[in-house]
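The values are calculated or read from the model by the stated rules, or taken from the named source; none is laboratory data. Not measured: the values here are computed from a predicted model. Glycine gets a Cβ as well: all are built from the backbone with ideal geometry, and neighbour counts include every protein chain shown.
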């Protein structure tokens with residue numbers, strides 16, 4: 001830490017106390033529930049808190065999983081009372097964002113080692129197929145696409161236009 005020597009001991013003591021609080025399941029669950037009921041707690045703040053908690057609990061994945069199970073159980077009870085169809089739909093709570101981060105951590109090695117390359121090749125193949133047909137340069141809509149919102153609905157006569165761009169480094173004049 002880059003702090004003045006006169007404050008170093010106080011800061012280190014505060015960090016130890018914060019670590020102790022974060023390692024208390026009761027404190028952490030109450031802390032998150034308290035944040036959730038605050039009206040001024042914006043979605044951006046929720047994402048920020050979830051990210052910071054994920055980083056701080058990343059090294060203790062079993063504890064993180066246990067906290068997440070408890071929070072998800074509370075979330076399920078809350079949504080059953082209100083509207084269960086909306087649960088995990090909008091990712092608007094700290095718990096939902098924590099779940100997303102937790103899944104990313106758990107799936108990282110699998111994606112990196114097993115399915116990363118095939119997924120990338122699938123993406124490139126789909127992109128190649130989309131680019132085979134007409135693509136509107138202005139709107140980005142395409143004749144061959146998987147996204148219905150980006151579908152070019154009209155049948156157009158088209159021809160391929162190839163443009164060449166030359167780069168002249170600054171300082172050189174011709």
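Points to keep in mind about this one:
- So residue 110, is it more than 25 Å from residue 88 (Cα to Cα), loosely packed, with under 11 Cβ neighbours inside 10 Å, modelled with pLDDT of 90 or more and within 26 Å of the chain's Cα centre (by Cα): no
Conditions (1) surrounded by 11 or more Cβ atoms within 10 Å (Cβ to Cβ); (2) within 23 Å of the chain's Cα centre (by Cα); (3) under 10 Å from residue 94 (Cα atoms), marked per residue:
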site	(1), (2), (3)
8	yes, no, no
12	yes, no, no
17	no, no, no
25	yes, no, no
30	yes, no, no
40	no, yes, no
43	yes, yes, yes
49	yes, yes, yes
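- For region 51-72, a residue qualifies if it is loosely packed, with under 13 Cβ neighbours inside 10 Å and under 17 Å from the mean Cα position of the chain (by Cα), and the qualifying residues are 52, 55, 58.
- Checked against (1) over 24 Å from the mean Cα position of the chain (by Cα); (2) surrounded by 12 or more Cβ atoms within 10 Å (Cβ to Cβ), residue 80 meets all criteria but (2).
- Condition met for residue 65 (modelled with pLDDT under 95 and within 22 Å of residue 107 (Cβ to Cβ)): no
- Any hit, region 149-170, residues being part of a helix (DSSP H, G or I) and either modelled with pLDDT of 80 or more or within 37 Å of the chain's Cα centre (by Cα) (or both): yes
- Filter result for residue 145 (loosely packed, with under 10 Cβ neighbours inside 10 Å, in a loop (DSSP other than H, G, I, E, B), touching a helix residue (DSSP H, G or I) at 6+ places or on another chain (Cβ under 9 Å) and modelled with pLDDT of 80 or more): no
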